[in-house]
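The block underneath contains the structure these notes are about, expressed in structure tokens.
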């Protein structure tokens, strides 16, 4: 049996929504899966949701100790992706659907993990490069950087959408 950790928006559980953020999600739904099926789920509070800095790194370290098959969230920062990818945990970018739907889609091959080289780089939600206490003052971001980051994300999502459309057309052609 393997576990999948899903960042959730509120109290967690299979019917909660997948959070758009990883490190500051209030809870993680721990979904037990085997042979392509959901066997059960439990909820783990995120003790790092409200820390001043380094929430993503700390949450990633906590989850990495559990060695799940995959972790789901809308976005993973570069430090989080380095920790999780470093030990072979799949990071699956998804949000706006229920935990149950996300896990079912993943098990059915409809959602694919990010390869770390595809991850956008930038600051975590804590606003610090490095994201840990003592990392120094918050990096003075600019509106131009935020726009560039959003454009990069849009470009990545457009490529991803194009790939999904291609796969869908390929599957429809085989019917």
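The values are calculated or read from the model by the stated rules, or taken from the named source; none is laboratory data. The shown structure was predicted, so the numbers you read here are calculated from the model rather than taken from an experiment. With ideal geometry, Cβ positions are generated from the backbone for all residues, glycine too; neighbour counts draw on all protein chains shown.
Suppose we filter 57, 63 for residues that are touching a residue at least 24 places away in the same chain (Cβ under 8 Å), in contact with a strand residue (DSSP E or B) (Cβ under 6 Å, 6 or more places away or on another chain), crowded, with 21+ Cβ neighbours inside 10 Å and over 13 Å from residue 21 (Cβ atoms); which single one remains? Just one listed residue meets the conditions, 63.
Going by what's in this entry, would residue 165 be described as outside any helix (DSSP H, G or I) and either modelled with pLDDT of 85 or more or closer than 20 Å to residue 24 by Cβ (or both)? So residue 165 fails the test. Only one entry of 75, 50 meets the criterion of being in a loop (DSSP other than H, G, I, E, B) and surrounded by fewer than 16 Cβ atoms within 10 Å (Cβ to Cβ), and that entry is 50. The listed residues are 30, 21, 6, 43, and the only one of them that is assigned by TED's automatic domain parsing to the domain that holds residue 93, under 13 Å from the mean Cα position of the chain (by Cα) and not in a loop (DSSP other than H, G, I, E, B) turns out to be 6.
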